[in-house]
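Have a look at the structure below, then the notes.
The values are calculated or read from the model by the stated rules, or taken from the named source; none is laboratory data. The model shown is predicted, which means the values in this text are computed figures rather than measured ones. As a convention, Cβ positions derive from the backbone with ideal geometry for all residues, glycine included, and neighbour counts pool all protein chains shown. With ligands, DNA and RNA removed, areas are computed over all heavy atoms of the protein, side chains included. Shrake-Rupley method; radii C 1.70, N 1.55, O 1.52, S 1.80 Å.
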Amino acid sequence: MSELRARFVDRTGAPAAPITFWPALVIPRSRIDEEIGRLAALPAPADGRRSALIVHPCAQEPGPGLAPGITVALNVLRPGERTRPVRHNSTQVDFCIRGSGRAEVAGTAIGFAPYDVWNTPSMAPYTIANDGDDLQVRLTYSNAALLEKLNIHVVEPAEGAARSAPERGGDVAPEPHATREPEALPLENGAYLMTYEQLINPRPVESRALHWPWKLVKARLDELVALGKDYRGRRLYLLFNPATGRTNGTTHSFFATITIRPPNIVDRPHRHTSAAINYYFAGRGRSTVEGQRFEWAAGDLMFSAPGWGVHNHASYDEPVYELTIQDSPLNIAMESLLWQEDLKGPVAVLGSEAGFRTNRAA
Ligand SMILES: [Fe+2]
């Protein structure tokens, strides 16, 4: 018999634990460049991956992230190098910040250039190659931090791997959208019962690698400047993956948005329980996060919003482009995405109740 014994922790009459914030911080371009140089100078590793995590000083093992649930890796490949195939149950967003290359994700080939984005689904075998002449640098954002905290991050080599499909029960083809009526036995009080057979065979939704080339995204993004000075929303596009359905994601955990900030645009202070990480790739500006002010410029990475911390961002005298990663789809799935667009206005549980509107004409 095990010697392990659970303990009882008395919380009778105890107040709720306060939220503690990891402070926002900027990782300046100079430090990123220095680490790129260090990775590029290493002898070629056996698995081909020259990689360093960018870790917040408050992070703890397991799952050291730049935000509590977001792993950020700086990945470098020298010309001619290729990573060995791997797969894992974390999902990721890749963002090329220098050079070019080719990703092969579960049979989908993606040729990428600076500021291109693509996603890697769960357990999809993938390799990355640098077939260009310059050093290739990528920022890779994943939910590995959270899975490691849950002790469930499965990572394995995928040499010649096909997607495993053990004892596929149903012959239901994956569908692009996840919405459906409950196929369950209604009780007269509005609750339902579901059989074990349904429990172990949820309807599959096809999860594919999608590619958002910067060339195509930029053309659409630049049109948003026409919204003008008085527009009260954000000039951005979500790089949307239809597999994420109602949670509006790029992966099932994160959304990636690319924003253009025309010169001298100041956001209203706001907050959301999703954490945010920004990478600025043009322009300069400032952010105020929980009362602390930060300056940033192109090439800087920033942990720009701790969950539920009040923040706003502003551009200076030139246009800013930025990629933002937030763990918003995860929070929508958990029904924990509180969002407050205006600090004098209401808080909404996004995904469960009506959200917000801008002053943009329909
Ligand atoms: Fe925000």
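Numbers for the structure displayed
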quantity: Count of residues meeting criterion [under 19 Å from Arg234 (Cα atoms) and open to solvent by less than 40 Å² (accessible area, probe 1.4 Å)] in the range 317-340; calculated: 13
quantity: Test: residue in the range 82-90 that is in a loop (DSSP other than H, G, I, E, B), closer than 30 Å to Gly160 by Cβ, open to solvent by less than 40 Å² (accessible area, probe 1.4 Å) and β-branched (Val, Ile, Thr); calculated: yes
quantity: Residue list for the range 235-244, restricted to those being within 16 Å of the ligand (Cβ to nearest atom) and open to solvent by less than 50 Å² (accessible area, probe 1.4 Å); calculated: Arg235
quantity: Thr358 being within 15 Å of the ligand (Cβ to nearest atom) and not in a strand (DSSP E or B); calculated: yes
quantity: Condition check for Leu350: modelled with pLDDT of 95 or more and surrounded by fewer than 17 Cβ atoms within 10 Å (Cβ to Cβ); calculated: no
quantity: Checking Ser100 against (1) of a type outside the set (Lys, Arg); (2) under 29 Å from Ser336 (Cα atoms); (3) more than 20 Å from the chain's Cα centre (by Cα), the condition it does not meet; calculated: (2)
quantity: Scan of the range 245-292 for residues that are basic (Lys, Arg), more than 20 Å from the chain's Cα centre (by Cα), within 16 Å of the ligand (Cβ to nearest atom) and part of a strand (DSSP E or B), ordered by number; calculated: Arg261, Arg286
quantity: Test for Pro114: is it part of a loop (DSSP other than H, G, I, E, B), surrounded by fewer than 18 Cβ atoms within 10 Å (Cβ to Cβ) and in contact with a helix residue (DSSP H, G or I) (Cβ under 8 Å, 6 or more places away or on another chain); calculated: yes
quantity: Residues that are without any contact (Cβ under 8 Å) to a residue 12 or more places away in the chain and among the β-branched types (Val, Ile, Thr), drawn from the range 227-282; calculated: none
quantity: Sole residue being under 18 Å from Ala145 (Cα atoms), open to solvent by less than 80 Å² (accessible area, probe 1.4 Å) and not in a loop (DSSP other than H, G, I, E, B), chosen from Ala52, Ala40; calculated: Ala52
quantity: Residue list for the range 327-362, filter: touching a residue at least 40 places away in the same chain (Cβ under 8 Å) and within 18 Å of Arg268 (Cα to Cα); calculated: Leu338, Trp339, Gln340, Glu341, Asp342, Leu343, Thr358, Asn359, Arg360
quantity: Residue within the range 322-334 that is within 15 Å of the ligand (Cβ to nearest atom), in a strand (DSSP E or B), more than 19 Å from the chain's Cα centre (by Cα) and under 23 Å from Ile19 (Cα atoms) present; calculated: no
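Condition check ((1) out of contact with any Leu (no Cβ under 8 Å at 6 or more places or on another chain); (2) at pLDDT 95 or above) across all residues:
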position	(1), (2)
Trp214	yes, yes
Pro242	yes, yes
Ser253	no, yes
Asp267	yes, no
Glu290	yes, yes
